[in-house]
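Peer 1: Got a structure for you, questions after.
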Amino acid sequence: MRVVVDLSRCEGYAQCAFLAPDAFRMHGEEALMYDPAPDDDQRDRVLRAAAACPVQAILVDRLEGREAPVEASRS
Amino acid sequence: MTSADNLQAFKREGRIVIVGASLAGLRAAETLREEGFTGSLTMIGDELGEPYDRPPLSKQVLTGWVAADGTTLPRRRDVDAEWLLGVPASGLDLATNHVRLADGRDIPFDRVLISTGVRARPWFVESEAALDGVFVLRTREHAEGLQRALAAGPSRVLVIGAGFTGSEIASICRERGIEVTVAELAPAPLVGALGAMIGDVAADMQRAHGVDLRCGVKVTRLEGDAQGRFCRAHFDDGSTVDADVAVVALGGIRNTEWLRGSGLAAGVWGIACDTGCRALDLNGLVTDDVFAAGDVARCPNPVYEYRLISLEHWANAVEQAEVAAHNMVNGQADRWPHLTLPVFWSIQFGVNIKSVGVPTFADEVIVSQGSVSDHRFVAVYGYRGRVTAAVSFDNAKWLDHYRKLIETAAPFPPPCPTPDQPADTKPVPVDFPGPQLLAQGATVVVTGHDPGERRVTAAQQHHR
């Protein structure tokens, strides 16, 4: 799965690091480091973390059966 | 046919081309579909693969936690686009509305969005830049190569340039237990973006974490060994540093060369736009069908005396993409201006640095709350007696308070909002090394006499 955190919105509440510690880690007291490609077995925990974020800064891929991967242009 | 009918027809079956398939391009494409655009959408990008996120490249990826190809951006929705990847655009013809690709193809459009961003500024001597062990950091390939070099356990890394990227790389090196030298021409790290006061704090942080920080020096030569591997850097004060890896972190170059001759007001400073992300032509006239968003766009900000400002910020790319896309498929009465204040973040040496507003638009700065020596504080920037920016070190929860002060032109210095008022609360000069907002190299010639004839041509667009 794919995740991006809008760190300009993140205020370091650390709810995500509590709910999905394998995907979200605090670096120092306030800075968040996260895995943008967590394993699919993390999905429920990551979705819970996204829902619990007080500033709603976590975006998880909305496309379950994603559109066909990007076609490279003819060379 | 009324223009409303035209707009509906355009939304139904028009042709939109987005040049630049990274964060801004992707979010614009999603917004276009969100707004009901059902016509053809073409994404042009010079890198292969799906759009990916860049901020993790200098953080999670360099620590080795996340793979360099693991930062593909999540999608908000299906964009149903034709993707032309791996080929850069080489020209824009506004007489016939075509984007020219480097392989010679011409892609027609009714409206075009330019989001070509910036690329890393390379080391200025090509043969030295080509040495094994010399890196820049902008793409995932760069990050992958640098991560591998760090994992190999170099005896020392040299980082050239102590801006945000260079400082983050130095931080990762120390986290990985790698010796690192940082060389910076300015008197301190981050000084060009945040001024001398914060620069001193950043210098303290680097040295406290064991960085060999050398300020006020210029790297003059990168030396290779017989095998073509970087081994030593020479400084302008005659000193040298032996290292296995050099990272050139000297900022970016805006990707606007392909617009030369297009008639747009584009140059090394970016593409001038209105607040609705509509590009200006050389005469300063707003175009109807050309839009720009992200690092390459240079928009006026009313909060900062309507000066044209370009920003290499993540949130700015997203917000401008949404505004540009909205305005591409809406009429005059429904257009949005992009008026959000810039927000920036950097994670280094275990500290979360964030800023709101434009710190370079200031003449004074004051620590308004917290403690500088603890690296937990907010510094507020003022210009002629009003608040124009704030920078927090591990104090992000307070930035929204300062955002409101900036948006309401609150008097500077503002009162401390918390009980932890710092002891020394005197404003000091902000002390930037040079003006940051001027469009250097924007030289034009005005010709013609009658109002209907007067026109501008670009005379010189020189780098410096």
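Peer 1: Please give the number of the condition B:Glu257 fails out of (1) out of contact with any Phe, Trp or Tyr (no Cβ under 7 Å at 6 or more places or on another chain); (2) within 18 Å of B:Val157 (Cβ to Cβ).
Peer 2: The failed condition is (2).
Peer 1: I've got another one for you. Scan segment B:101-131 for residues that are over 24 Å from the mean Cα position of the chain (by Cα), touching a residue at least 24 places away in the same chain (Cβ under 8 Å) and not in a loop (DSSP other than H, G, I, E, B) and jot them down.
Peer 2: B:Leu101, B:Ile107, B:Pro108, B:Arg111, B:Glu128, listed by residue number.
Peer 1: Within segment B:85-94, is there a residue that is within 13 Å of chain A (Cβ to nearest Cβ) and under 23 Å from B:Arg298 (Cα atoms)? If you could, list the steps in order and put the result at the bottom.
Peer 2: Keep residues of segment B:85-94 that are within 13 Å of chain A (Cβ to nearest Cβ), which gives B:85-89.
From the residues that got through so far, the ones that are under 23 Å from B:Arg298 (Cα atoms) too are B:88-89.
For segment B:85-94, residues within 13 Å of chain A (Cβ to nearest Cβ) and under 23 Å from B:Arg298 (Cα atoms): present.
Peer 1: Still on this structure, I have one more. Find the residue count for segment A:39-48, including only residues that are within 14 Å of another protein chain (Cβ to nearest Cβ) and outside any loop (DSSP other than H, G, I, E, B). Lay out the reasoning, then the answer.
Peer 2: Here is the first cut: in segment A:39-48, the residues within 14 Å of another protein chain (Cβ to nearest Cβ) are A:39-40, A:42-43, A:46-47.
So of that shortlist, the ones also outside any loop (DSSP other than H, G, I, E, B) come out as A:40, A:42-43, A:46-47.
Qualifying residue count for the region: 5.
Peer 1: Within segment A:19-38, track down each residue that is surrounded by fewer than 23 Cβ atoms within 10 Å (Cβ to Cβ) and either free of Cβ contacts under 8 Å to residues at least 12 places away in the same chain or within 7 Å of chain B (Cβ to nearest Cβ) (or both).
Peer 2: A:Pro21, A:Arg25, A:His27, A:Gly28, A:Glu29, A:Met33, A:Asp35, A:Ala37
Peer 1: Taking B:Asn327 as meeting all but one of (1) surrounded by 22 or more Cβ atoms within 10 Å (Cβ to Cβ); (2) within 30 Å of B:His209 (Cα to Cα), write down the number of the exception.
Peer 2: (2)
Peer 1: Being more than 14 Å from chain A (Cβ to nearest Cβ) and surrounded by fewer than 22 Cβ atoms within 10 Å (Cβ to Cβ), is that true of even one residue in segment B:372-379?
Peer 2: Residues of segment B:372-379 that are more than 14 Å from chain A (Cβ to nearest Cβ), as a first pass: B:372-373, B:379.
Next, from what is left, pick out any that are surrounded by fewer than 22 Cβ atoms within 10 Å (Cβ to Cβ): B:372-373.
The answer is yes; a qualifying residue exists.
Peer 1: With the requirement that a residue be acidic (Asp, Glu) and within 20 Å of the chain's Cα centre (by Cα), what does segment B:317-344 give you?
Peer 2: Quick first cut of segment B:317-344, residues acidic (Asp, Glu) only: B:319, B:322, B:334.
B:Glu319, B:Glu322 - these are the residues of segment B:317-344 that are acidic (Asp, Glu) and within 20 Å of the chain's Cα centre (by Cα).
Peer 1: Before we move on, is B:His313 surrounded by fewer than 23 Cβ atoms within 10 Å (Cβ to Cβ), within 14 Å of another protein chain (Cβ to nearest Cβ) and in contact with a helix residue (DSSP H, G or I) (Cβ under 9 Å, 6 or more places away or on another chain)?
Peer 2: On the way: surrounded by fewer than 23 Cβ atoms within 10 Å (Cβ to Cβ): yes; within 14 Å of another protein chain (Cβ to nearest Cβ): yes; in contact with a helix residue (DSSP H, G or I) (Cβ under 9 Å, 6 or more places away or on another chain): yes.
The answer is yes for B:His313.
Peer 1: Let me ask another. Would you be able to tell me the number of residues in segment B:95-121 that are touching a strand residue (DSSP E or B) at 6+ places or on another chain (Cβ under 8 Å), of a type in the set (Gly, Ala, Ser) and more than 14 Å from chain A (Cβ to nearest Cβ)?
Peer 2: Of the residues in segment B:95-121, 3 are touching a strand residue (DSSP E or B) at 6+ places or on another chain (Cβ under 8 Å), of a type in the set (Gly, Ala, Ser) and more than 14 Å from chain A (Cβ to nearest Cβ).
Peer 1: Another one. In the list B:Leu280, B:Leu285, B:Leu264, which residue meets the criterion of being without any contact (Cβ under 8 Å) to a residue 12 or more places away in the chain and within 23 Å of B:Phe10 (Cβ to Cβ)? Explain how you work it out, then say what you get.
Peer 2: Values: B:Leu280 fails: without any contact (Cβ under 8 Å) to a residue 12 or more places away in the chain; B:Leu264 fails: without any contact (Cβ under 8 Å) to a residue 12 or more places away in the chain.
Residue meeting the stated conditions: B:Leu285.
Peer 1: Return the residue satisfying two criteria in turn: it lies in segment B:108-131 and is over 22 Å from B:Gly294 (Cα atoms) and not small (Gly, Ala, Ser), and of such residues it is surrounded by the fewest Cβ atoms within 10 Å (Cβ to Cβ). Give the derivation first.
Peer 2: Looking only at segment B:108-131, we keep the residues that are over 22 Å from B:Gly294 (Cα atoms), and these are B:108, B:123-131.
If we keep only those that are not small (Gly, Ala, Ser) as well, we get B:108, B:123-126, B:128, B:131.
Working: B:Pro108: 14, B:Trp123: 20, B:Phe124: 10, B:Val125: 12, B:Glu126: 8, B:Glu128: 19, B:Leu131: 19.
Restricting to residues being over 22 Å from B:Gly294 (Cα atoms) and not small (Gly, Ala, Ser), the top hit is B:Glu126.
Peer 1: Answer with yes or no whether B:Ser368 is within 24 Å of B:Ile347 (Cα to Cα), in contact with a Cys (Cβ under 8 Å, 6 or more places away or on another chain), at pLDDT below 95 and outside the structural domain of B:Asp200 (by TED's automatic domain parsing). So that I can check it myself, show each step before the final result.
Peer 2: Numbers: within 24 Å of B:Ile347 (Cα to Cα): yes; in contact with a Cys (Cβ under 8 Å, 6 or more places away or on another chain): yes; at pLDDT below 95: yes; outside the structural domain of B:Asp200 (by TED's automatic domain parsing): yes.
Spelling it out, B:Ser368 is indeed within 24 Å of B:Ile347 (Cα to Cα), in contact with a Cys (Cβ under 8 Å, 6 or more places away or on another chain), at pLDDT below 95 and outside the structural domain of B:Asp200 (by TED's automatic domain parsing).
Peer 1: Do any residues in segment B:132-143 that are touching a residue at least 40 places away in the same chain (Cβ under 8 Å) have Cβ atoms under 8 Å from those of residues that are aromatic (Phe, Trp, Tyr), where the two are at least six apart or on different chains, and which pairs are they?
Peer 2: Qualifying pairs under 8 Å: B:Asp132/B:Phe230; B:Gly133/B:Phe230; B:Val134/B:Trp123; B:Val134/B:Phe230; B:Val136/B:Trp123; B:Arg140/B:Tyr52; B:His142/B:Phe135.
Peer 1: Which members of segment B:380-409 meet the condition of being assigned to a loop (DSSP other than H, G, I, E, B) and either surrounded by 17 or more Cβ atoms within 10 Å (Cβ to Cβ) or within 13 Å of chain A (Cβ to nearest Cβ) (or both)?
Peer 2: We begin by selecting, within segment B:380-409, every residue assigned to a loop (DSSP other than H, G, I, E, B); these are B:384-385, B:394-395, B:408-409.
Once the filter is applied, which keeps residues that are assigned to a loop (DSSP other than H, G, I, E, B) and either surrounded by 17 or more Cβ atoms within 10 Å (Cβ to Cβ) or within 13 Å of chain A (Cβ to nearest Cβ) (or both), segment B:380-409 yields B:Asp394, B:Asn395.
Peer 1: What do you reckon, is B:Ala226 of a type outside the set (Phe, Trp, Tyr), over 30 Å from B:Pro342 (Cα atoms), outside any helix (DSSP H, G or I) and in contact with a Lys or Arg (Cβ under 8 Å, 6 or more places away or on another chain)? Reasoning before the result, please.
Peer 2: Details: of a type outside the set (Phe, Trp, Tyr): yes; over 30 Å from B:Pro342 (Cα atoms): yes; outside any helix (DSSP H, G or I): yes; in contact with a Lys or Arg (Cβ under 8 Å, 6 or more places away or on another chain): no.
No.
Peer 1: Continuing with the same structure: When only residues in segment B:32-73 that are basic (Lys, Arg) and either facing chain A (nearest Cβ under 9 Å) or not in a loop (DSSP other than H, G, I, E, B) (or both) count, which is surrounded by the fewest Cβ atoms within 10 Å (Cβ to Cβ)?
Peer 2: In the first step, residues of segment B:32-73 are kept if they are basic (Lys, Arg); the result is B:33, B:54, B:59.
Then drop every residue that is not either facing chain A (nearest Cβ under 9 Å) or not in a loop (DSSP other than H, G, I, E, B) (or both), which leaves B:33, B:59.
Numbers: B:Arg33: 18, B:Lys59: 23.
Looking at residues that are basic (Lys, Arg) and either facing chain A (nearest Cβ under 9 Å) or not in a loop (DSSP other than H, G, I, E, B) (or both), I get B:Arg33.
Peer 1: Taking the conditions exactly as written (within 30 Å of B:Thr425 (Cβ to Cβ) and without any contact (Cβ under 8 Å) to a residue 24 or more places away in the chain), does B:Ala188 satisfy them or not?
Peer 2: Numbers: within 30 Å of B:Thr425 (Cβ to Cβ): yes; without any contact (Cβ under 8 Å) to a residue 24 or more places away in the chain: no.
Here the answer is no, as B:Ala188 does not meet what is asked.
Peer 1: Which of (1) more than 30 Å from B:Ser171 (Cα to Cα); (2) touching a Leu at 6+ places or on another chain (Cβ under 9 Å) is the odd one out, the single condition B:Asp295 does not satisfy?
Peer 2: (1)
The values are calculated or read from the model by the stated rules, or taken from the named source; none is laboratory data. What you see is a predicted model; the values in this text were computed from it and never measured. Cβ sites come from the backbone with ideal geometry, for glycine too, and all protein chains shown count toward neighbours.
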